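Below is one structure, written out as structure tokens, with a few remarks after it.
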Amino acid sequence: MPIYCDPSELSVLEQQYQALPKQEPPLQLWQGNLSPEQLDLYSSFSDIEGPYDACGHDCRGYLGIHAEGLPEARAYFAGLLGVEQEEVLVLGNSSMEIFFQVCANALMRGVPDAAKPWPSYAHFVCPVPGYFRHFYALQYLGIRMHQIPLGKVGPNMSEVESIVQFDKRYTGIVITPLCSNPTGIDYSDAIIKRICCMKTANLDFRIFADLAYAQHHLGTPRKKQLPNMLELCRDAGVPDRPMLFFSTSKITHPQNGVAVLVSSKKNLEWFMKMQQAIKCGPPLMEQLRQVRYLRKEGIGVVMHKHATILAPKFEAVCQAFREEFTATDIASWSEPRGYFICLFLRHPVAHEAVEYAVQKGYIFADPREMYPNKDDIKNNIIRIAPSSQSAEVNYKSVKVLALCVKLASAQYQPEPKF
Ligand SMILES: Cc1ncc(COP(=O)(O)O)c(C=O)c1O
């Protein structure tokens, strides 16, 4: 076995680690939750001019109308996302719930105009690293996932095309094209266009584009606008291919926001049949309140307030990384965009480093969760979620993480090559 690290260096790192006190209660840095200050932005809004919608309907009870969402909410989100009102549904509190229901409906009933349901052996293309809840939903539904590495402007499209073009088992791709979770990248317009226009062997193929962070460039240069995927797909002769998901979870209140589905009218009618079998309609009072808040304050102003709260927390993480890693070649990190910062390790020790941190009471996300079925062969990315803790806690926690990364890297021994 080759010796990889100076043994004296390793023993110093081990001593430093052993000397660290255990943090009680543990500090959570694994989830991109909103801090109390961010939550208060929306909590303090009371001026909703409700409970009546623009036509004077009382939104507090069963209305028997607006199952597709309040017209003023549909109009608002259509404007925000650059599509037509009839291409938008405004639904309940979770875009992930809609994602799950679309996939389940396609497996159960087939997509509109399909001769049969998606096959039980349906496959998805999954750019990685990605969002663990996409992967868990697909895994739960029995959909197989094929990983394609995500680069700086999207996945390697030649690889994507070579799969979906010839293999009928592929029924979808799941992407987060703006401020991607976790690496924060934006897909280039060229890649978005290729995804919309690519030939697929399975004509029931769908794009699942998660726009959770469409408003979260947070002070970094903003991508002008996501190309209109509905239009691109229409022009390519596949008008029903795109399904876009959005929610206000990271804008107002997680789990008490509103979620939006954008797609062709045909897909939306198909989806509404299922919705109406599930419930009378979405929570309209919350739609009223959310939309009147965003309209009144201006979403740009709201996002600027979030950015102002988040900026020092992200900067604390970057500062700790600069102090710990600039003089080494064992780690680099992503630009703070979206909700996370990724630490890229030279050696495949992400899981080991996070485990060390967890043992000392610093809870970072399990790196394997950024991969379908937790199948993380590279083991070299750690996701940091700076939003919910203070800048000081972030700094202190990331200093501990850095020590854990150094320790795990020093212990790493490459596989012998024969
Ligand atoms: C990529 C992505 N999609 C969706 C969500 C949240 O979705 P929901 O609208 O279900 O709260 C998150 C939250 O962390 C996310 O990171």
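Taking the criterion of being away from the ligand (no atom under 16 Å from the Cβ), under 20 Å from the mean Cα position of the chain (by Cα) and buried (at least 21 other Cβ atoms within 10 Å of the Cβ), would at least one residue in segment 127-145 satisfy it? Yes - at least one qualifying residue is present in segment 127-145.
In this structure, is LEU13 within 30 Å of LYS406 (Cα to Cα) and modelled with pLDDT of 95 or more?
Values: within 30 Å of LYS406 (Cα to Cα): yes; modelled with pLDDT of 95 or more: yes.
Criteria met by LEU13.
I'd like to check something: does segment 3-19 contain any residue that is over 30 Å from PRO227 (Cβ atoms) and either open to solvent by less than 20 Å² (accessible area, probe 1.4 Å) or within 16 Å of the ligand (Cβ to nearest atom) (or both)? Yes; the residues of segment 3-19 include at least one that is over 30 Å from PRO227 (Cβ atoms) and either open to solvent by less than 20 Å² (accessible area, probe 1.4 Å) or within 16 Å of the ligand (Cβ to nearest atom) (or both).
Mind checking which residues of segment 107-147 are among the aliphatic types (A, V, I, L, M) and part of a helix (DSSP H, G or I)?
To start, the set of residues in segment 107-147 that are among the aliphatic types (A, V, I, L, M) comprises 107-108, 111, 114-115, 122, 125, 128, 137-138, 141, 143, 145.
The answer is LEU107, MET108, ALA137, LEU138.
Among the residues of segment 93-106, write down those that are open to solvent by less than 40 Å² (accessible area, probe 1.4 Å) and either in a loop (DSSP other than H, G, I, E, B) or of a type outside the set (Ser, Thr, Tyr) (or both).
Taking segment 93-106 as the starting set, the residues that turn out to be open to solvent by less than 40 Å² (accessible area, probe 1.4 Å) are 94-96, 98-99, 101-106.
Residues satisfying the conditions are SER94, MET96, ILE98, PHE99, GLN101, VAL102, CYS103, ALA104, ASN105, ALA106.
So is LYS313 assigned by TED's automatic domain parsing to the domain that holds GLN389, crowded, with 18+ Cβ neighbours inside 10 Å and of a type in the set (D, E, K, R) or not? Step through it out loud before you land on a result.
Working: assigned by TED's automatic domain parsing to the domain that holds GLN389: yes; crowded, with 18+ Cβ neighbours inside 10 Å: yes; of a type in the set (D, E, K, R): yes.
Against the criterion (assigned by TED's automatic domain parsing to the domain that holds GLN389, crowded, with 18+ Cβ neighbours inside 10 Å and of a type in the set (D, E, K, R)), LYS313 qualifies.
Mind telling me which of the residues LEU89, LEU81 ends up being within 15 Å of the ligand (Cβ to nearest atom), open to solvent by 30 Å² or more (accessible area, probe 1.4 Å), within 20 Å of ILE299 (Cα to Cα) and assigned by TED's automatic domain parsing to the domain that holds GLU231? Answer to the selection: LEU81.
Within segment 82-96, residues that are free of Cβ contacts under 8 Å to residues at least 40 places away in the same chain have Cβ atoms under 7 Å from residues that are in a helix (DSSP H, G or I) and away from the ligand (no atom under 15 Å from the Cβ) in these pairs: GLU84/ALA78; GLN85/ARG74; GLN85/ALA75; GLN85/ALA78, counting only partners at least 6 apart in sequence or on another chain. The listed residues are ARG74, ARG109, ARG60, and the only one of them that is away from the ligand (no atom under 16 Å from the Cβ), touching a strand residue (DSSP E or B) at 6+ places or on another chain (Cβ under 6 Å) and open to solvent by 10 Å² or more (accessible area, probe 1.4 Å) turns out to be ARG74. Among all positions in segment 328-341, there is at least one residue which is in a strand (DSSP E or B), open to solvent by 50 Å² or more (accessible area, probe 1.4 Å) and not assigned by TED's automatic domain parsing to the domain that holds GLY142.
Within segment 375-404, being open to solvent by 20 Å² or more (accessible area, probe 1.4 Å) and either outside the structural domain of LEU345 (by TED's automatic domain parsing) or part of a helix (DSSP H, G or I) (or both) holds for ALA391, GLU392, VAL393, TYR395, LYS396, LYS399, LEU403.
Conditions tested, residue by residue: (1) out of contact with any strand residue (DSSP E or B) (no Cβ under 6 Å at 6 or more places or on another chain); (2) within 20 Å of GLY64 (Cα to Cα).
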residue: GLY257; (1), (2): no, no
residue: TRP270; (1), (2): yes, yes
residue: PRO282; (1), (2): yes, yes
residue: ARG292; (1), (2): yes, no
residue: ARG295; (1), (2): yes, no
residue: GLY298; (1), (2): yes, no
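The values are calculated or read from the model by the stated rules, or taken from the named source; none is laboratory data. Note that the coordinates shown come from a computational prediction; the quantities given were computed from them, not determined experimentally. So basically every Cβ, Gly included, is an ideal-geometry build from the backbone, and we count neighbours across all protein chains shown. Just the protein is used for accessible areas: all its heavy atoms, side chains included, with ligands, DNA and RNA removed. Shrake-Rupley method; radii C 1.70, N 1.55, O 1.52, S 1.80 Å.
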